[in-house]
Amino acid sequence: MANAMETLKEACGELSDIGSAAAVLAWDQQTYMPPKAAEDRGRQLAAISTIHHERLLDPKFDALLAELSGAALAGDDRLYVDEFQWVRERARRLPSDFVRENAMTQALAFAAWEEAKKKNDFSIYAPHLEKVLSLTRKAADFYGWTDHPWDALLQDHERGMSHKELQALFAGLRQRTVALLDRIKASTVQRDFSFLDGTWPADRQWDFGMQVLKDIGYDFEAGRQDRSTHPFTINLGSRDIRITTRLREDKLLDALSSTVHELGHALYEYGMGLTDPRSPLGQAASTGMHESQSRLWEIRIGQSRPFWRAYLPELKRHFPNTALDRVDEETFYAAVNRVQPSFIRVEADEVTYNLHIILRFEIELALIGGTLSVKDLPDAWNAKMQELLGITPPDDAHGCLQDVHWSGGGFGYFPSYTLGNVFAAMLMEQIEKDIPDLWQQVEARKFGQLLDWLRTHVHSKGRRLRAPQLIRQITGKELSSEPLLRYLESKYADIYGFAAQ
Ligand code: ZN
């Protein structure tokens, strides 16, 4: 048995290496690759992904897994085998001609989406979205489902969860966030944020972000930061976790929040690699758990008052003789946490962000379930924006055409963003208990104990537990949006000067 297990681990390690090789190409594609290389690169990536797929489905695993299935295995080996088997089974469910047709349809849908968004013309995208939807429903049938086809798609991100659980989790969040937003809108607190106007040189933004990366503990000997249009984190191997950021000279804090967000993802990947390099168990518990790590650092730490007490003087040093000279800590903290309903999800503040996600979740269920047709999508979108955020998009480019996800069949993904906030809030309540002087440490720019805590309780667990179970193990509590709501309601009552309820 030891031999079969060793053989499996060897093969899984190799699969992981093939994935890492593809990641190097993908990283280069989005950072330094010259534009004329695009076609070659597309072919190279497709070739590697075919090799990966064939290796994963290699019949040699059938005998190996059969041998291991009834065996008494030591330590985590049973979990290891189960995880590999799940991934392999999932890949096997989709016939290869279906995968090809899907890839082709999505490539065309992506191009149509780009054009439709640019020309602000939903009709260009609609027939493609119809096709993507019909194939996505087919994929759900291949995977199998009982209650709702959307549940089958959720399994890639939040295994074991269902749309019903999410509906229950989001119901209170929806209602109380709308109520909180109403109180914020009614606030009479006046602040002058004009100090943010103007131009902020990219190289100084870069330097400031690098300083924060160093302070928090990003290992520059096991990764690097580069620039890209859309910031991302990518794992090129257990000792090479790279991040990117975006630099916009009209936005002072955009680069920093991207940097710290991706840092959170990278620290999780790095931590998992310490415990389970090249292993199916060295993966995030779920997409939402990954997002909890980025949001914890980006928002809970990086937009906290103690953080800016420590870093506002540093920021002022990076941008001398600017409007920053006249800003005080409280005004700056309020500016960082300004709440304002807006049309675009990726620009949303932390209060309205979850409403953007709930909107997408409800629309996805209706689209996949067949109760909303593609032609009615723009109206349904706009009506929900009005209901949840109190604003109606001026056009579809600022409405249902803004996100890339659906053109690639990415249904079931959006809720992970809000789950990330829910998980992060539950973790933070526990962290504040376990590290009573957390905020004094943050103010002293000391992040080591927090990082150790995350490594011990979250990173080192990898995929041994599903997200809700991991949360229960750490906090002793069932999944709930209550901690997130508690935090939001008290933070914004303070900033906007009303009594917390
Ligand atoms: Zn993220």
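For the reader, a short list of remarks on this structure follows.
This table checks each residue for (1) part of a helix (DSSP H, G or I); (2) without any contact (Cβ under 8 Å) to a residue 40 or more places away in the chain.
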| site | (1), (2) |
| --- | --- |
| 184 | yes, no |
| 187 | no, no |
| 206 | yes, no |
| 220 | no, yes |
| 231 | no, yes |
| 237 | no, no |
| 243 | no, yes |
| 272 | yes, no |
| 281 | no, no |
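- Residue under evaluation residue 254, criteria (1) crowded, with 22+ Cβ neighbours inside 10 Å; (2) within 15 Å of the ligand (Cβ to nearest atom), criterion not met: (1)
- Listed here are the helices (runs of 4 or more DSSP H) enclosed by the stretch 398-501 that have at least 1 residues being under 30 Å from residue 385 (Cα atoms): 415-434, 467-475, 482-496.
- Taking the criterion of being in a helix (DSSP H, G or I), free of Cβ contacts under 8 Å to residues at least 40 places away in the same chain and either open to solvent by 50 Å² or more (accessible area, probe 1.4 Å) or farther than 22 Å from residue 339 by Cβ (or both), the residues of the stretch 365-383 that qualify are 366, 376, 379, 380, 383.
- Test: residue in the stretch 84-95 that is open to solvent by less than 10 Å² (accessible area, probe 1.4 Å), closer than 27 Å to residue 281 by Cβ and outside any helix (DSSP H, G or I): no
- Residues satisfying the criterion are absent from the stretch 288-302 (criterion: closer than 30 Å to residue 81 by Cβ, more than 15 Å from the ligand (Cβ to nearest atom) and open to solvent by 20 Å² or more (accessible area, probe 1.4 Å)).
- Any hit, the stretch 225-237, residues being open to solvent by 70 Å² or more (accessible area, probe 1.4 Å), modelled with pLDDT under 95 and within 16 Å of the ligand (Cβ to nearest atom): yes
- Residues (loosely packed, with under 12 Cβ neighbours inside 10 Å and out of contact with any strand residue (DSSP E or B) (no Cβ under 8 Å at 6 or more places or on another chain)) located in the stretch 30-45: 34, 35, 36, 38, 39, 40, 43
- Selection count, the stretch 411-421, where residues are more than 14 Å from the ligand (Cβ to nearest atom) and either in contact with a Ser or Thr (Cβ under 6 Å, 6 or more places away or on another chain) or open to solvent by 10 Å² or more (accessible area, probe 1.4 Å) (or both): 1
- A search for C-beta distances below 7 Å between a residue of the stretch 85-113 that is hydroxyl-bearing (Ser, Thr, Tyr) and any residue that is open to solvent by less than 70 Å² (accessible area, probe 1.4 Å), counting only pairs 6+ apart in sequence or on different chains, returns 105/132; 105/135.
- Residue in the stretch 151-171 that is of a type in the set (A, V, I, L, M, F, W, C), within 19 Å of the chain's Cα centre (by Cα) and outside any helix (DSSP H, G or I) present: yes
- Among the residues of the stretch 449-485, those that are in contact (Cβ under 8 Å) with a residue 60 or more places away in the chain and basic (Lys, Arg) comprise 455, 461, 463, 464, 466.
- For the stretch 306-329, the set of residues classified as open to solvent by 60 Å² or more (accessible area, probe 1.4 Å) and in contact (Cβ under 8 Å) with a residue 60 or more places away in the chain consists of 309, 326, listed by residue number.
- One residue from 347, 362 being open to solvent by 40 Å² or more (accessible area, probe 1.4 Å) and within 16 Å of the ligand (Cβ to nearest atom): 347
The values are calculated or read from the model by the stated rules, or taken from the named source; none is laboratory data. Remember, predicted model here, so these are calculated numbers, not experimental data. So basically every Cβ, Gly included, is an ideal-geometry build from the backbone, and we count neighbours across all protein chains shown. Protein only, heavy atoms only, side chains kept; ligands, DNA and RNA dropped before computing areas. Shrake-Rupley method; radii C 1.70, N 1.55, O 1.52, S 1.80 Å.
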